[in-house]
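Notes follow once the structure below has been shown.
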Amino acid sequence: MASALIAGAIRAGTPPSELFVIERIEEQRTFLEKEFKVRCISTESAANAAFDVVIWAVKPQHMKEAIEQIGALKDALHISIAAGLPRSILKEWLGSDRVVRTMPNSSSTIGAGVTGLFAHPEASEADRATAERLFAPTGAVVWVNSDQQIDAITAISGSGPAYVFHFLEGFQRGALELGFSAEQARTLVLQTLQGAVSQALASDDEFSTLRKRVTSERGTTAAAIDVFDAKSSQATTSAAVHAAFHRAQEIAAEWVKTTPQRHLKGAQG
């Protein structure tokens, strides 16, 4: 995801010379410098350095260690893409009110993603504008108003690409079973999905309306839809989203539970 953000910032007009990447692994620093022409420094060199914006593209289990190694960088705008870490913990660890929590998805790596953003109330409009400008080149941006809504974003667009790939697996299997080659089946299902999504994007109609236009009474499409309905596919999909949301909330609760309460004093709200 860090590479996607670097590429997006450069596409949006930020000179590579203005981007600094803090990376503890030397081989990765060499790769990023060669790939993007950005300046890479080690965590030791970055300790207590001065930056305008810091994007914490760190796994949640490594976030506290990274902050301790680099320093709080209290004067910077902090943007976190670490899943599950609620604002109370981030605010306390960073020692700053200028924190934006985000949840991009994997499609952001090709500029076709969607990112949910949640700014702490103390963050300024300028901070919000900066965060949106950084993520806009990776796809759509959706602002939400709470940690809970970021957890919901995780369950919808964060995990959503996997839902689509899961559907494509079954769709392709049906094509293979009808005698098409793997290459033909892949083309058929991908182009069908892409075309349908393009139709939906070009229309203000409800998805149900678009579906009905393709479905003739007692026709082939109706026979397929009858199977989907018999298997409660829409209810299953909705239940899957709720399961992901519930798990996201569990992960957030685990972080709060395992963080000593003294760290959270004054960080709530």
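Expressed as a whole percent, how much of the Cα-Cα distance distribution for region 41-163 exceeds 17 Å?
Numbers: 4078 of 7503 pairs.
Here the long-distance tail beyond 17 Å is 54 percent of all Cα pairs in region 41-163.
State, to one decimal in nm, how far the label point of residue 28 lies from the label point of residue 69, with both points 7 Å from Cα in the Cβ direction.
0.8
Taking amide H atoms as placed 1.01 Å from N in the peptide plane, list the residues 5 or more away in sequence, or in a different chain, whose amide H sits under 5 Å from that of residue 139.
113
Residue 34: which lysines have alpha carbons under 21 Å from its alpha carbon, excluding same-chain residues fewer than 8 sequence positions away?
none
How large are Rg and Dmax for the chain when only the alpha carbon atoms are used, in Å?
Calculated on Cα positions, Rg and Dmax stand at 22.0, 69 Å.
One-quarter of the Cα convex hull surface for region 54-95, in nm²? Write down the numbers at each step before the final one.
Values: hull surface 10.1 nm².
So the mean shadow area of the Cα hull is 2.5 nm².
Relative contact order of the chain: what whole-number percent is it, with Cα pairs under 8 angstrom and at least 6 residues apart? Could the numbers behind the result be given before it?
Details: 329 pairs, mean separation 43.8, N = 269.
16 percent.
Using only Cα atoms, find the angle between the long axis of helix 233-258 and the longest principal axis of the chain, and express it within 0 to 90 degrees, rounded to the nearest 10.
20
Cα axis of helix 160-177 to longest principal axis of the chain: angle in degrees, 0 to 90, nearest 10?
Result, in degrees: 30.
First compute the accessible area of region 93-173 with a 1.4 Å probe, then give the percent of it belonging to carbon and sulfur atoms. Show your work: numbers first, answer last.
Numbers: 2130 of 3700 Å².
Accessible surface attributable to carbon and sulfur in region 93-173 totals 58 percent.
Return the long-range amide H neighbours of residue 21 (sequence gap of 5 or more, or a different chain), with a cut-off of under 5 Å between placed amide H atoms.
39, 40, 41
Beyond 22 Å between alpha-carbons counts as too far, so tell me which of 74/257; 37/74; 91/257; 59/91; 37/91 fall in that bin. Intermediate results must be reported in sequence, preceding the final value.
On the way: 74/257 25 Å; 37/74 27 Å; 91/257 16 Å; 59/91 17 Å; 37/91 32 Å.
Correct reply: 74/257; 37/74; 37/91.
Test of understanding: what is the full-extension gain from residue 164 to residue 18, defined as 0.36 nm times their sequence separation minus their Cα-Cα distance? Show your work: numbers first, answer last.
Working: separation 146, 0.36 × 146 = 52.56 nm, distance 3.69 nm.
Full extension of this stretch gives 48.9 nm more.
Per DSSP H run of n ≥ 4, the term is -39500 (n - 2.57); total these for the chain, divide by its residue number, and report the mean residue ellipticity at 222 nm rounded to 500 deg cm²/dmol.
On the way: 12 runs with 145 residues, N = 269.
Helices in the chain give a 222 nm mean residue ellipticity of -17000 deg cm²/dmol.
So how much accessible area does residue 62 have, in Å² to the nearest 10, using a 1.4 Å probe?
Spelled out: residue 62, probe radius 1.4 Å, area about 90 Å².
Could you check the spin-label model distance between residue 178 and residue 239? Points 7 Å from the Cα along Cα→Cβ, value in nm.
2.8
Count neighbours as other Cβ atoms within 10 Å of each site's Cβ, and list the GluC sites (Glu not before Pro) in region 106-210 that are DSSP loop with at most 14 such neighbours.
Values: sites: 122, 125, 132, 169, 177, 183, 206; in loops: 122, 206.
Qualifying residues, ordered by number: 122, 206.
How far, in degrees from 0 to 90, does helix 220-230 lean away from the longest principal axis of the Cα atoms of the chain, to the nearest 10?
Compared with the principal axis, the helix lies near 60 degrees.
Could you give me D for region 1-104, from Stokes-Einstein at 37 °C and 0.692 mPa s, where the hydrodynamic radius is the Kirkwood radius over C-alpha pairs? Units µm² s⁻¹, please. Before the final figure, lay out each step's value.
Numbers: Rh = 14.1 Å.
After rounding, the answer is 233 µm²/s.
The values are calculated or read from the model by the stated rules, or taken from the named source; none is laboratory data. Please read these numbers as outputs of a predicted model, since none were measured by experiment. We place every Cβ from the backbone using ideal geometry, glycine too, and count neighbours over all the protein chains shown. Side chains are part of the model used for accessible areas, which takes the heavy atoms of the whole protein and leaves out ligands, DNA and RNA. Shrake-Rupley method; radii C 1.70, N 1.55, O 1.52, S 1.80 Å.
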